[in-house]
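The values are calculated or read from the model by the stated rules, or taken from the named source; none is laboratory data. This structure is a prediction, so every number in the text was calculated from the model and none was measured. Note that we place each Cβ from the backbone using ideal geometry, even for glycine, and neighbour counts take in every protein chain shown.
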Amino acid sequence: MIFRLLGPLVVSDPAGAAAPAAGGPKVRALLARLLLDAGRTVPVDRLVDGLYGDEPPAGAQGALQAQVSRLRRVLPPGVAVEHSPAGYRLALGTPAEDVDALRFEALAGAGARALAAGDPVHAADLLREALGLWRGPALSDVRDAPFAAGQAARLEGLRLDALEAWGAAELASGASGEDLSSLVQELAAAVREHPLRERLRGLQMRALGAAGRQAEALAVYEEVRAALAEELGADPSPELSAVHLGLLRGGEAGPGRTGPERVAAPALPAPLTDFVGREREGERLASLVAAARLVTLVGPGGAGKTRLALEVGAALAGEVRFVDLGAVVGGGRTGAGEVAEAFAAALGVRGGGAERLETALAGRPVLLIVDNCEHVVDETAVLVRRLLAACPRLRVLTTSREALGITGESLLPLGALTPEAAEELFVRRAAAVRPGFTGHARVAELCAGLDGLPLAVELAAARLRSLSVDELADGLGERLERFELLSRGDRTAPERHRTLRAVVEWSWSLLAPGERELAARFSVFRGGATAEAVTRVCGAGAGALASLVEKSLVEARDGRYGMLETIRAYAAGQLPEEDPATAAHHTYYRELAEAADPELRGAAQLEWLVRLDAEDANLRAALRRGTPEDALRLVAALTPYWWLRGLRGRVAAPVAELLERVVPTAELGEEYALCVLAAGLREGEHVERAQQFLASRTVPLRQPYTAFLWSTSVGPVEGLPMGDDPWSRSLVLVGRAFLTTATGSTHGDGAQATAEALLTEALAGFRTLGDRWGTATALEGLAALSPEPLPLLAEALALFASLGVAEDVVDLLHRRAAVHEAAGDPDAAAADRTRAADTARKAGLKGTTGTPEVTEETGAAR
């Protein structure tokens, strides 16, 4: 069956007999709407809008279901309406062949591509077939449906494009005789409906010239010129003027002309440098522009939105115009008028009223690239919405730091370059100012510190005239240095794009006072934050945070919110020194660490490790905030996390700084001792003082890991009181088992049996708690006593690996390698040693293989 929409809605059987589609007006409208997307699922809300408009009646979805049921009863055999949670789908065998509108679009597209490829004869055949599918105005008998007017206008616009492409193909292939006469007649009929369409008029002039009717062709030009001046206050386009000049010179627009007809886009701003690093985004943007009438590139300043829009626009066929709103002051009553004037200037229209713009764009297939909308976003949104509604052939691509907020707007967020693209961009721009530059070991570090922002990377590369890569990378550490280093840009660029500070200040100036306060407070976070953390620390609700996201000051990803480091550095400079957010940040993350501490010894161990991983940068930043006493408590709460994740080396520096601020007291003696260990100290004044605090302790330890870590790192403390919690009791059992094994060599099988019993009891305790580290430690001990150690070692190894405890994984791999070797399996032993070496290298370890030394007081292996 063939469904025909290019005229009244009819259904044709394979023999060609056609009959009107059955059903009432709503059923036919529903069928037509589904046919336009045949083979694809149409969401329910889109169908409701298409059938009932912007204000659907109550129960519209139920009414839609009823219409679908009626449609199913009148559809021909083999055609079905399928339903899914995503919507409704009209299932046809081959939609592109079974629906004339879809076949027309496919043929017209293929014809346009053939013409562009330089094959006008094939193009003319395809386009002639496409135009032959039309039997009258598209969707003519369902025009009362809200969706129909827009879709009909779209199809009519494509028909006009196809007609123009067909005319260009016929002329390029040397049409003559009846073919040329037919072309002249077709173009004359189209011109009567679209007298100001300049491409169509140009084809009419060329066809008349080719037919030897030069005087009529020149008269057409004068007619168009007068009409444009009277109705739009505009002059003929350069393209139409070129056809006119060719006719005056004789023959240049005649039948000898070869190659595809192209309407050159008005001159877009020409790039001064090559385009680097946005290939994937360019493909995605081109697809969006082809599919949607309004697309907005959103992103922070310096992300390269303008350049990407221009690159995509320059590659598109057809008319493209560039509207730069950067110079528009905006605000007050004049803002809307200034925006309209900028549109008018780009379109060559004299006078910038919206009515003139509508007239200039009516029926005209043009893409407007509207740049720098963020400071006049409201005024731009109002004008763009009006023009899109009045001009169905118009498409708009805007660049802004926030969306226009218009129904139907498609957004493409633009953020950082990939690390590889950022490095390539830096090297290319650097080579322009320092010939021969091909790279440097710290370029990747430098680009990462610049957030991969194209403008920041280019500004940094320009500084290689006077600074080295090392000096640039070292200077990014301080926020003042960052902005001073990147303070010399293109003198001819807009002022807000000349320096890195100017880029951020421009975005900052567009924020409301409350938004600025939240942005400044947000700068206390490192590595992003959850919405809960932002609320607690900054005192802001979800709406205020969403506003910063919409304005590209904050990024939202995977349930977290973050700032580019460049923006964060600027925002931090706006935060008052005594702002409560600083102290609130420390309090929030100390409480988070304290809540995580007991969970790291239970079944939720992995879940909390992942949560703390996400907050690692914030936790380290919190060490430098709050009172020294609170920072000590934070260190104690984080000790298990640092131990299990092997992060002690990373935190040694900030913990050592904390030690310089601390005045140790017996009350916080245990926390002080853990701070000494985290700083990497194993001897000296701090160690001796901490040892004294622990030795004099008479109450159980608050942190169950304290005894274990102090014993394994410094040495045992006699009589150190252990806690009576299940985890501590299990660890003491492990310690006693190791001690029994180490000191019971003269006791024979009795000592081994005692150790096995202790380890078995400890293993049961750790399994009950769900602690993977304790379970693996007990398994490791049992493996040393078992005649079949490999299954126990395998389970322990899997548990250590799941925690990411690199040191324990390396140690256990060496132990298992020794077992394999003793069993006569050198290949397995070699494989374990290789894996141990790889693990140690990736974790930055030297590797270790020793057997733990055990102390009874701590239940700890050393």
Checklist entry - Under 6 Å by Cβ, and 6 or more places apart or on different chains, what pairs join a residue from the stretch 56-73 that is farther than 14 Å from A29 by Cβ with one that is of a type in the set (V, I, T)? => result R72/V81
Checklist entry - For the stretch 653-670, does any single residue satisfy the condition of being of a type outside the set (A, V, I, L, M), under 18 Å from D597 (Cα atoms) and crowded, with 21+ Cβ neighbours inside 10 Å? => result yes
Checklist entry - Just to be sure, is R333 modelled with pLDDT under 90, assigned by TED's automatic domain parsing to the domain that holds T306 and touching a Pro at 6+ places or on another chain (Cβ under 8 Å)? => result no
Next on the checklist: When you scan the stretch 764-772, do you find a residue that is closer than 24 Å to W642 by Cα, of a type in the set (A, V, I, L, M), out of contact with any strand residue (DSSP E or B) (no Cβ under 9 Å at 6 or more places or on another chain) and at pLDDT below 85, even just one?
Outcome noted: no
Item to check | Candidates V349, V427, V328, filtered to the one that is at pLDDT 85 or above, β-branched (V, I, T) and outside the structural domain of A229 (by TED's automatic domain parsing) | outcome: V427
Next on the checklist: Any residue at all in the stretch 533-552 that's under 23 Å from the mean Cα position of the chain (by Cα), not in a helix (DSSP H, G or I) and not hydroxyl-bearing (S, T, Y)?
Outcome noted: yes
Next on the checklist: Looking at A690 and the list (1) surrounded by fewer than 19 Cβ atoms within 10 Å (Cβ to Cβ); (2) in a helix (DSSP H, G or I), which single condition is not satisfied?
Outcome noted: (1)
Next on the checklist: With the requirement that a residue be outside any helix (DSSP H, G or I), surrounded by fewer than 19 Cβ atoms within 10 Å (Cβ to Cβ) and within 21 Å of the chain's Cα centre (by Cα), what does the stretch 506-532 give you?
Outcome noted: G527, T530
Checklist outcome for this item: Every listed condition ((1) within 23 Å of the chain's Cα centre (by Cα); (2) modelled with pLDDT of 90 or more) holds for E565 save (2)
Item to check | Residue check for A189: outside the structural domain of L102 (by TED's automatic domain parsing), buried (at least 17 other Cβ atoms within 10 Å of the Cβ) and assigned to a helix (DSSP H, G or I) | outcome: no
